[in-house]
Amino acid sequence: MRTDTRLSRMLHVLIHMDRHQQCATSETIARMLGTNPVVVRRTMGLLKEQGYVRSEKGHQGGWTLTCSLADMTLLDIHQALGATSIFSIGLSTDHPECLVEQAVNAALTDAFDAAQALLLERLGRVTLAELAEDFDRRFQTTLSDAAAPDADRA
């Protein structure tokens, strides 16, 4: 079963766009994601419809952010991408008259609904700026680790 990675991938793209502070072409984004520029344009178009990015045509054109990462939550981007179901687990409906199937589906539906509500609430509390700050910390740690003298050579 294939998973939907659009949210993760678009969060990645948006943070890169913020860091580079210049237009990012669909071709550049496609190379970064290992996909086709048409897929990038289609997906970025969804973000454009919600006002998170804009596009400019021409030689110096490309995609740019229209608002701060602090003004975007993970939930905002999830919803802009079409808010597909969080879970790919489905219910069996082969025998709707079966009381066991009814009991199983009722229990699973309750569990899925509760889990999805919790996840969406948490996505709404995390901004892209917080993700970018986490990246900055990780990057600084990597630089510090690389600059530290090797204890084995001493």
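Since every read-out is calculated from the coordinates, none of them should be taken as a lab result. Remember, predicted model here, so these are calculated numbers, not experimental data. Don't worry about glycine lacking a Cβ; one is built from the backbone with ideal geometry, like all the others, and counts go over all protein chains shown.
Of SER68, LEU91, ASN105, which is farthest along the charge dipole of the chain in the positive direction, counting Lys and Arg as +1 and Asp and Glu as -1 at C-beta?
Farthest towards the positive end: SER68.
Hey, for a label at GLU27 modelled as a point 7 Å past Cα toward Cβ, could you say which residues of segment 37-53 have their backbone N under 14 Å away?
Residues 37-38 fall inside that zone.
Compute a Gaussian network model of the chain, connecting alpha carbons closer than 10 Å, and tell me which residue from SER26, SER68, SER144 fluctuates the most.
Highest fluctuation of the listed residues: SER144.
Please give me the summed charge of the neighbours of THR35: other residues whose Cβ is under 12 Å from its Cβ, Lys and Arg +1, Asp and Glu -1.
+4
Hey, what did the chain get for relative contact order, percent, Cα under 8 Å, at least 6 apart? Could the numbers behind the result be given before it?
Working: 123 pairs, mean separation 35.8, N = 154.
Worked out over the chain, it gives 23 percent.
Helix 99-123 versus the longest principal axis of the chain: what is the Cα-based angle in degrees, 0 to 90, to the nearest 10?
So the helix axis and the longest Cα principal axis differ by about 20 degrees.
Which shape class, rounded, prolate or oblate, goes with segment 12-97 when its Cα gyration tensor gives a ≥ b ≥ c as root eigenvalues, a/c under 1.5 marks rounded, and past that a/b bigger than b/c marks prolate?
Values: a/c = 2.86, a/b = 2.03, b/c = 1.41.
It is prolate, given that a/c is not under 1.5 and a/b is the larger ratio.
May I ask you to sort ARG137, ARG122, ARG6 by Cβ crowding, counting other Cβ atoms within 10 Å and putting the fewest first?
Working: ARG137 9, ARG122 12, ARG6 16.
So the ranking, lowest neighbour count to highest, is ARG137, ARG122, ARG6.
Check THR25: other-chain or 5+ apart residues with amide H under 5 Å from its amide H, H built from backbone geometry?
Placed amide hydrogens put TRP63 under 5 Å from THR25.
List the chymotrypsin sites (Phe, Trp or Tyr not before Pro) within segment 61-154 that fall in a DSSP loop (any state other than H, G, I, E or B) and whose Cβ has at most 15 other Cβ atoms within 10 Å. Please report the intermediate quantities before stating the final value.
Values: sites: TRP63, PHE87, PHE112, PHE135, PHE139; in loops: PHE87.
Answer in residue order: PHE87.
Taking θ = phi - 60°, what integer Hz values does the Karplus form 6.51 cos²θ - 1.76 cosθ + 1.60 yield along segment 49-59, in sequence order, with x for Gly and Pro?
4, 8, x, 8, 9, 9, 10, 10, 7, x, 4
Residues with amide H under 5 Å of VAL53's amide H, sequence separation 5 or more or different chain, H placed in the peptide plane at 1.01 Å from N; which?
Amide H neighbours of VAL53, under 5 Å, 5+ apart: LYS48, THR66.
Tell me, how many Å apart are the Cα centres for segment 1-49 and for segment 53-103?
The distance from the Cα centre of segment 1-49 to that of segment 53-103 comes to 14 Å.
Give, as a single signed number, the net charge of other residues whose beta carbon lies under 14 Å from the beta carbon of ARG138, with Lys and Arg counted +1 and Asp and Glu -1.
Details: positive: ARG19, ARG137; negative: GLU130, GLU133, ASP134, ASP136, ASP145.
Taking every Cβ under 14 Å from that of ARG138, the sum is -3.
Please identify the GluC sites (Glu not before Pro) of segment 72-154 that satisfy two criteria: DSSP loop assignment and at most 16 other Cβ atoms within 10 Å. Which are they?
Working: sites: GLU97, GLU101, GLU121, GLU130, GLU133; in loops: GLU97.
Sites meeting the loop and neighbour criteria: GLU97.
Quick one: putting +1 on the C-beta of Lys and Arg, -1 on the C-beta of Asp and Glu, what dipole do you get for the chain around its Cα centre, in Debye to the nearest 20?
For the chain, the charge dipole is close to 760 debye.
Calculated from the structure, Rg and Dmax of the Cα atoms in Å equals which of [x] 14.6, 43; [y] 20.8, 74; [z] 14.6, 47?
The listed entry that was calculated here is [y].
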